[in-house]
Amino acid sequence: MAGQRASQINNGIITTTDIIVDNDVLSPPPSLPPPPGRARYDNMYIVQFPKDQVYRVPPSENALIVERYRNVPKTTDVTSRNFCCCCSLRFWLTIAIILVTIFAIVGIAIAILFFIFNPSGPTFAVNHMDFKNVTGPPDYEISLRAKNPNHRLGMIYESSEVSLIYEDIEVGTGKFPILLEQGRHAMTQFKVDVTGKRPLPKKMKTTGLDFELDTNLCVRITALKLSTWIMNANVVCKFKVNNLGSDTRILSQQCDTNFRQY
C-alpha cells in the first residue's frame, strides 16, 4: 500500500487530494464529516448585497406600538362624534320639552278661561244698504253693526265670505273685513262691499224688497293677550228695504247667529 498526494486545479482553485494506492488500484479517501456547527447543504447559493441595501425587519414590538398609535386617532374621532351626537340630541330634546311645556301651560290657561267664562257668539244688525250701478250687475254697500256680548272676553273676526240673496237667488258676494278686533262688551260698525253676480230680476216689487245676508265668520276669543282656536259663527240677517235708490231705508230686519265653539 502506498500513498500519493495529487493536486488539481479547478476553476482557479487548487485542490489537494490524498490518494491511497493498493495493489496498483487508486481509490479516493472516504468523505470527511462537515465541521462542527455547520450542516452540509447541497445546491446552496450564496448571494451578496451591498451593505447600504440591506433591509432589516423591525421586531414585532415595534409593529404593536405603531398599530396602537394608528388606532388612537380613530378612537378619539369616534368618541368625539358620539359626544357631539349626544350633545345635539340632548339640546333638541331640551328644546322640545320646553316647547311642549309652554304649549301645555298656554293650553291649560286658555281652557280654564274658556270654561269659566263660557263665551257667547256675536250679535249683528243691518244699519243701511246702498244700491249702485243700476244698468249692469249692481254693487251693494251694506253697513253692519256687530256687538260683543261677553263682558270679560274680547273677539277677533277674521276674513270671511259674505253672500247677498234675493228671492232664494244669490245676487252678490263679498268679503268681511280682513281683521276686526273687538274689546269686551264692545260695539263696532263697519261696511261690507258686495259685488253683484247677475242683474236683479226685471219684475221686482217697487216697495218692500226682501234680502238675506249670509256670513260665515271665523272668530277667536281673546283674554289676557291670549287667543283661542278658531270658532265658527254663521250669521243670517233677513231685512226688508223700501226701494233701491238714493233714499233706501231698512224697514225691518232679524239677525240670528249660530255660534259653534268647537
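The values are calculated or read from the model by the stated rules, or taken from the named source; none is laboratory data. It should be emphasised that the depicted structure is a prediction, and the values quoted were computed from it without experimental measurement. As a convention, Cβ positions derive from the backbone with ideal geometry for all residues, glycine included, and neighbour counts pool all protein chains shown. What goes into the accessible areas is simple: the full protein's heavy atoms, side chains included, and nothing from ligands, DNA or RNA. Shrake-Rupley method; radii C 1.70, N 1.55, O 1.52, S 1.80 Å.
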Scanning for something touching a helix residue (DSSP H, G or I) at 6+ places or on another chain (Cβ under 9 Å), open to solvent by less than 40 Å² (accessible area, probe 1.4 Å) and modelled with pLDDT of 70 or more, does the stretch 135-153 turn up at least one residue?
yes
So Lys175 fits all but one of (1) open to solvent by 80 Å² or more (accessible area, probe 1.4 Å); (2) over 43 Å from the mean Cα position of the chain (by Cα); what number is the exception?
(2)
Out of (1) free of Cβ contacts under 8 Å to residues at least 40 places away in the same chain; (2) open to solvent by 10 Å² or more (accessible area, probe 1.4 Å); (3) not small (Gly, Ala, Ser), the odd one out for Ile156 is which?
(1)
Can you spot a residue in the stretch 104-125 that is in a strand (DSSP E or B), open to solvent by 20 Å² or more (accessible area, probe 1.4 Å) and either modelled with pLDDT under 90 or closer than 16 Å to Arg184 by Cα (or both)?
yes
I'm told Lys225 meets every condition in (1) surrounded by 13 or more Cβ atoms within 10 Å (Cβ to Cβ); (2) at positive phi; (3) of a type in the set (D, E, K, R) except one. Can you identify the failing condition by its number?
(1)
How about the stretch 189-234: which of its residues are of a type outside the set (D, E, K, R) and assigned to a loop (DSSP other than H, G, I, E, B)?
Pro199, Leu200, Pro201, Met204, Thr206, Thr207, Gly208, Leu224, Thr228, Trp229, Ile230
